[in-house]
Amino acid sequence: MKRHSLLVLQLLSFTLMGGVGTFVNYINLYLEQELGLTGSEIGLVTMISMGLVIFINPILGYIGDRTGKHILMLKCAFFLSTLFVFLYSQASTFLVVLVVAILFEISRACIGPFFDLITTDYCAKTNYEFGKVRVFASIGFMFTVMSVGFLIAGVNLPWFNGTTIGFEGFLDLRTAVFGAIMVLLGLSFILMFFVPRPEVVKVKGEEKEKFNRADIMDLLTNKRYQFILVFIVLSLVAFESAKAFVGNHLVVGLGSAESIVSVLTFVMVFPEFILLPLGARIIRKFGFKKWYIFTMITLLVRIITYAFTTNVIIFIMISAVHGFGVVTHVAGNITFIRKVVKPKVLGLSFSIMVSILAFSRAIMSFVYGFLYERYDGFIVFRVATVVIFLGLLWVLKSKSLSEIERSDI
């Protein structure tokens, strides 16, 4: 049962992150190149569509923890999100795109937090390293994003006598992007029927505590939980919101082919194959505080490079540090939350985290979109540099990370 269940969770990690990664990396480029939306309009689509998730996610988290129907809710979410991705692909005007984007974001709102909850819970109860499951998400992300880029723009590799080998792109942007997302989300829906149910992995003698409203207040007033939420905004959200414009910056701003997104993805994600399975051990060796400081410094150096270089090779090379941030979120942030909040409100805690993420990303995406339209990609990364620097200061001044012992990781 364990091997079968782990395989299902690993495959789900692959299909889920492959679909999400394709959407995140190409949607802004699609909206600009295919539909002609401006930077402000793109930012507005993200802000409004994700803004509603802020209110819906905690409600879904409450319902999930109260009823224990996380798996059923995930099945519904995957089915609806696949449907709305198809409708998204048919939208051709700003207003229609906005409406469908709202429906799509709402439909997939609980997928991230609930899947993380189910996976981390299973790994904790079976004493299996979460990073060894999560690494399949990196594989799915890299494989799908690269494949989509090659399907659109082809690949040409230098060969002997100055010739090249490869193939030409044979799919348009819309077909490649939305086709990949629909297939992967559809497969995720099917895989959800094979996910291990909570009672299958229940530890002998374990009693599930009853959820009550007082637990909500305890969660919201938990200072260490508050710390990690602010940290995620000043690091993960600040960077990922800016990174959504990397494709636009490289292709439209610096004149690269769409396949550059595939090359960038490979350089970013490949180190994760080594780092993620070792994530817990790495943080245990360094300690939470030292590792988080190191991560923020690498992130700051990376975003500063993005903000000033016009050399695409340098841009790509500095992106190799991406894996450190992924380890911090997977083996750090998620583990940290599991350690500092009560098990019976984990679903709610992950849902609130996603709501905060959605709210801050909505605001940042709108601001970045406005700046991108008025200026260029460089100013987007320069503003992100300031926010990430504040994140570094937040880590340096906080005591919350030092309170988690290395043996607890």
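The values are calculated or read from the model by the stated rules, or taken from the named source; none is laboratory data. Computed from a predicted model, the values in this text were never measured in an experiment. Here the Cβ is made from the backbone with ideal geometry for all residues, glycine too, and neighbour counts use every protein chain on show.
For segment 254-292, filtering for residues that are outside any helix (DSSP H, G or I), within 20 Å of the chain's Cα centre (by Cα) and closer than 22 Å to Phe381 by Cβ leaves 1. Reported count of residues in segment 311-341, each being of a type in the set (S, T, N, Q) and under 14 Å from the mean Cα position of the chain (by Cα), is 2.
Within the set of pairs 6+ apart or on separate chains, which have a first residue in segment 107-129 that is touching a residue at least 60 places away in the same chain (Cβ under 8 Å), a second that is among the charged types (D, E, K, R) and assigned to a helix (DSSP H, G or I), and C-beta atoms under 8 Å apart? As it stands, the answer is Thr119/Arg134; Thr120/Arg338; Ala124/Arg338; Thr126/Lys2; Tyr128/Lys2, since those pairs meet every condition given. The set of residues in segment 283-299 that are buried (at least 17 other Cβ atoms within 10 Å of the Cβ), among the hydrophobic types (A, V, I, L, M, F, W, C) and either modelled with pLDDT of 90 or more or in contact with an Asp or Glu (Cβ under 7 Å, 6 or more places away or on another chain) (or both) comprises Trp291, Met296, Leu299.
Looking only at residues in segment 293-319 that are among the hydroxyl-bearing types (Ser, Thr, Tyr) and assigned to a helix (DSSP H, G or I), the one that is nearest to Met268 (Cα to Cα) is Ser319.
Among the conditions (1) more than 23 Å from Ser400 (Cβ to Cβ); (2) modelled with pLDDT of 85 or more; (3) in contact with a Pro (Cβ under 7 Å, 6 or more places away or on another chain); (4) of a type outside the set (D, E, K, R), the only one that Thr164 does not satisfy is (2). Evaluated against (1) buried (at least 18 other Cβ atoms within 10 Å of the Cβ); (2) at pLDDT below 90, Arg302 falls short on exactly one condition, (2). The single condition among (1) within 15 Å of Thr295 (Cβ to Cβ); (2) surrounded by fewer than 22 Cβ atoms within 10 Å (Cβ to Cβ); (3) in contact with a helix residue (DSSP H, G or I) (Cβ under 7 Å, 6 or more places away or on another chain) that Arg382 does not meet is (1). Restricting attention to segment 78-121 and to residues that are among the polar types (S, T, N, Q), within 18 Å of the chain's Cα centre (by Cα) and at pLDDT below 95, the residue that is farthest from Val345 (Cα to Cα) turns out to be Ser107.
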